[in-house]
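> Here it is: the structure, laid out below.
The values are calculated or read from the model by the stated rules, or taken from the named source; none is laboratory data. Given the structure is predicted, the values throughout are model-derived calculations rather than measurements. No Cβ is skipped: glycine too gets one built from the backbone with ideal geometry, and neighbour counts run over all protein chains shown.
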Amino acid sequence: MEHVTEGAWETLPVPLHPRVLAALRELGFPYMTPVQSATIPLFMKNKDVAAEAVTGSGKTLAFVIPILQILLKREEKLKKMQVGAIIITPTRELAIQINEVLLHFSKHFPQFSQILLIGGRNPGEDVERFKEQGGNIIVATPGRLEDMFRRKAEGLDLANCVKSLDVLVLDEADRLLDMGFEASINTILEFLPKQRRTGLFSATQTQEVENLVRAGLRNPVRISVKEKGVAATSTQKTPSRLENYYMVCKADEKFNQLVHFLQNHKQEKHLVFFSTCACVEYYGKALEALIKNAKIMCIHGKMKYKRNKIFMEFRNLQSGILVCTDVMARGIDIPEVNWVLQYDPPSNASAFVHRCGRTARIGHTGSALVFLLPMEESYVNFLSINQKCPLQEMKPQKNPADLLPQLKSMALADRAVFEKGMKAFVSCVQAYAKHECNLIFRLKDLDFASLARGFALLRMPKMPELRGKQFPHFVPVDIDTDTIAFKDKNREKQRQKFLEQQRKEKKENEGRKKFIKNKAWSKQKAKKEKKKKMNEKRKREEVYAFFWLRPCKIESLSKYKLYSRETLKQKSHLDSKLLPLFTLWCLVSSNYNFCGQPAYII
Ligand SMILES: Nc1ncnc2c1ncn2[C@@H]1O[C@H](COP(=O)(O)OP(=O)(O)OP(=O)(O)O)[C@@H](O)[C@H]1O
């Protein structure tokens, strides 16, 4: 460990509280890491810091310790409901992890209350917990913290509680300050006092000054810490002890290569990253079915309540595979992860660094492997330049077992697998279109047929991105996929009921269409008849209007000559539009003559 730490804690210019030192001894950390020795003295003074250090280099303690020291130094002790420090981090798992690290220290300081505010729990319970135990130190995710500011009606005036704030920390700051969290972070920052210390921490720290100003940093000290033993000129963002590989293979070979790799690394601990939740669901089930004697777990952002349980369970495993999305990309500190496998490259380059950083932490060794399609190979060069992340090539296994037919059989046997595969493929194509490096990840050049074979699809799905395209190299399975039933009897019963309902509605609709069509025709016919009668009536009315001009008894009707509309037009030289007006004028002006002679009726 000495190769990654420098200096004992006692050498800090500002001595740490004895109980902080005691907690560090309990953890077995006699020495500081470079980022800790660089950041703690500055943060404990009135300095705002923007710290950048490689993944797994101890940034958490670099802000947890100063927070405790600052609160211990307060002249006016914090009351129960007064908030002295807030730590914001992008994911629930990371907030849970930081909260645990903090608890290890705050348990030595009973005068400080600490509260975890994250999604996936009942916000009303959070309000009650806060009112009951207070929250001198808050560890939170942005959405839930923002929500808590809006619960004054429930008796929690958080806006008032934070007036005593001394320290704000944004962990994984570049992620928190990007567009995804912009609204929440801006809302939260508006409630916080400007007079405070602010610290930003990340392995890929934001460089935009406006982001630093937005976060409320004043004359921040930028701390960019190298690993010990690495050349000062090195700008590599991944740990020096990380062995980073890439493998080039076609889309319909990737899954077989992945399974071959995992089957040959069974007694180890791996993270396997996919681009979407649906891919995690589909391939997680597939790996579970195809790789025997290995613990395979899945976690992604759309899971509501299982996430925490799965995360804690996997952390305690000696070996196993966690299939995940980027919800596990940043900050997660799982001991002894041997390999980070990226089945899908991440949507942005900084996520690549953070994913790799789940292994080779704090001086341990570790390896990472990213699968690239032939057309994506230039990503290697991009990573080397943009993220200072050098990769070595790993050749694909020659003739690995082809497991795709087994995956197809699973889909034919259970509609749940079939639907998961289709949904995963659609989500993968849609995610591909959103790559930050869209010059490398070009949707228009993607071989959809090969990709569909890699998903073991039974047929190509209907989706806008595929509209009008032909796939001669994709051979669909020759069955009507609507006949594939769910293995789960209840789900199949529901489906059949739904299909029956659809059939009935379709029949009704056809009947309705026919009726409407007939009705429309008959309506049209009736309309024509009506129009004809209307026209005849109008003619009569127009002329009758003259008839009324000369009040006479019905028996004398034969004496009157009835002008037709056309004749009236000719005689009066009036435009047909004006004729009704003229008629009206005559009625109104009781002018009984027409063209200088009494009106006649024929
Ligand atoms: N001074 C130290 N001595 C030994 N181990 C330490 C020390 N400080 C932290 N560690 C351990 O190093 C590991 C990584 O720490 P931490 O999670 O804080 O890294 P990080 O820089 O925040 O990583 P990431 O960038 O992924 O968030 C943890 O297991 C932690 O317990």
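> Criterion first (without any contact (Cβ under 8 Å) to a residue 60 or more places away in the chain, among the β-branched types (V, I, T) and part of a helix (DSSP H, G or I)) does I321 satisfy it?
Details: without any contact (Cβ under 8 Å) to a residue 60 or more places away in the chain: yes; among the β-branched types (V, I, T): yes; part of a helix (DSSP H, G or I): no.
Criteria not met by I321.
> In addition: If you scan segment 349-378, which residues turn out to be part of a loop (DSSP other than H, G, I, E, B) and either within 16 Å of the ligand (Cβ to nearest atom) or more than 30 Å from D445 (Cα to Cα) (or both)?
G357, R358, T359, A360, R361, I362, G363, H364, T365, listed by residue number.
> Continuing with the same structure: What is the one condition in (1) within 21 Å of L116 (Cβ to Cβ); (2) crowded, with 20+ Cβ neighbours inside 10 Å that T206 does not satisfy?
The single condition T206 does not satisfy is (1).
> Six or more apart or on different chains, Cβ atoms under 8 Å: show the pairs whose first residue is in segment 330-351 and surrounded by fewer than 23 Cβ atoms within 10 Å (Cβ to Cβ) and at pLDDT below 95 and whose second is of a type in the set (G, A, S) and not in a loop (DSSP other than H, G, I, E, B).
Short answer, once both residue conditions are applied: S347/A431.
> Could you give every pair whose Cβ atoms fall below 8 Å, whose first residue belongs to segment 167-196 and is at positive phi, and whose second residue is among the aromatic types (F, W, Y), counting only separations of at least 6 or pairs across chains?
Hits for this filter: E172/F201.
For (1) in the same structural domain as A431 (by TED's automatic domain parsing); (2) under 33 Å from the mean Cα position of the chain (by Cα); (3) exposed (fewer than 10 other Cβ atoms within 10 Å of the Cβ), each residue gets a yes or a no:
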residue: F474; (1), (2), (3): yes, yes, no
residue: D478; (1), (2), (3): yes, no, yes
residue: K513; (1), (2), (3): no, no, no
residue: K517; (1), (2), (3): no, no, no
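> Counting just the residues of segment 424-441 that are over 16 Å from the mean Cα position of the chain (by Cα) and not β-branched (V, I, T), which one comes out farthest from A349 (Cα to Cα)? Let's see the steps before the verdict.
To start, the set of residues in segment 424-441 that are over 16 Å from the mean Cα position of the chain (by Cα) comprises 425, 437-441.
From what's left, not β-branched (V, I, T): 425, 437-439, 441.
On the way: F425: 23, C437: 8, N438: 12, L439: 13, F441: 12 Å.
Only one residue tops the list, namely F425.
> Next up: Which one of the conditions (1) more than 12 Å from the ligand (Cβ to nearest atom); (2) crowded, with 20+ Cβ neighbours inside 10 Å; (3) of a type outside the set (S, T, Y); (4) within 26 Å of Q111 (Cα to Cα) does V49 fail to meet, given that it meets all the rest?
Result: V49 fails condition (4) only.
> Separate question: Would you mind finding the one in Q82, Q69, Q36 that is modelled with pLDDT of 95 or more, within 10 Å of the ligand (Cβ to nearest atom) and within 20 Å of L168 (Cβ to Cβ)? If you could, list the steps in order and put the result at the bottom.
Values: Q82 fails: within 10 Å of the ligand (Cβ to nearest atom); Q69 fails: within 10 Å of the ligand (Cβ to nearest atom).
Unique residue meeting the criteria: Q36.
> On to the next question. Can you pull out the helices (runs of 4 or more DSSP H) entirely within segment 1-94 that have at least 1 residues that are within 26 Å of L158 (Cβ to Cβ)? Let's see the steps before the verdict.
Numbers: elements: 18-27, 34-44, 59-73.
Because the criterion is at least 1 residues that are within 26 Å of L158 (Cβ to Cβ), the helices (runs of 4 or more DSSP H) in segment 1-94 that meet it are 34-44, 59-73.
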